[in-house]
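The values are calculated or read from the model by the stated rules, or taken from the named source; none is laboratory data. Just so it is clear, the model here is predicted, and its values are computed rather than measured. All Cβ positions, glycine included, derive from the backbone under ideal geometry; neighbour counts span all protein chains shown. These area figures cover heavy atoms from the full protein model, side chains too; ligands, DNA and RNA do not enter into them. Shrake-Rupley method; radii C 1.70, N 1.55, O 1.52, S 1.80 Å.
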Number of protein chains: 2
Amino acid sequence: MRVPARILRQVLNHSLDLMFGALSDGSRRTMVDRLSRGPASVKELAAPLKMSLPAVLQHLRVLEESGLVRSEKVGRVRTCRLQPAALQAAEQWIADRRAGWVSNLDRLEQFLQEEDQ
Amino acid sequence: MRVPARILRQVLNHSLDLMFGALSDGSRRTMVDRLSRGPASVKELAAPLKMSLPAVLQHLRVLEESGLVRSEKVGRVRTCRLQPAALQAAEQWIADRRAGWVSNLDRLEQFLQEEDQ
């Protein structure tokens, strides 16, 4: 069964809501920053943050729901990992809008040059 | 007077909160998408959105407060423009985290190759 493009767009749109929402908080960006240097336990993620463990776990849940981070519990330790493909989707959305703006500027420049001739 | 790095970091951090927050809403992303193709009036921005004009103006305010968009009123028309430097700051933050993840992966690969030898 092929999924209609309209549905895929809705799913992507919802993902972008969650990913940008997750990145809109400084503590969660600190966690993503730490995970960009490799997997970490919840304790390691909490170390630079001035907050309770439940608060850290709440932020972790937001990051996991957005798809930016996954965690796995082995024994008593929960290890968190960054999901670079999700991070790339958010980056790509911005890059595409910036590219649109730049090509628009290029067209304007070309137009002005043609006007000058 | 030189601004201390700590203060600059706080300002950037606050900007990132506002920019990612602004991008976490589908209607606001639709507005940014439209503006990536060139300046637009509020009426043009509102056209594809199913919402009241006050709601559109509220979203525009969030975009302006984040620095992603600026608007200027000339006569009776308010014209909105994308601020690509702000967009680039948000993109760069993500790109740097992804780059960190990739270089970490490279180091792991190198380590495994050296182990194999």
Practice task
Please indicate, with yes or no, whether at least one residue in the stretch A:7-14 is within 13 Å of another protein chain (Cβ to nearest Cβ), in contact with a helix residue (DSSP H, G or I) (Cβ under 7 Å, 6 or more places away or on another chain) and either at pLDDT 95 or above or part of a helix (DSSP H, G or I) (or both).
Solution key: yes
Exercise for the section: Those residues that are assigned to a helix (DSSP H, G or I), within 11 Å of chain B (Cβ to nearest Cβ) and surrounded by fewer than 18 Cβ atoms within 10 Å (Cβ to Cβ), I need them from the stretch A:28-57; list them, please. Expected result: A:Thr30, A:Asp33
Exercise for the section: Would you mind stating whether B:Leu18 is among the aliphatic types (A, V, I, L, M), open to solvent by 20 Å² or more (accessible area, probe 1.4 Å) and in contact (Cβ under 8 Å) with a residue 40 or more places away in the chain? Expected result: yes
Handout entry: Total residues in the stretch A:66-95, condition away from chain B (no Cβ under 13 Å) and not in a strand (DSSP E or B)
Key = 3
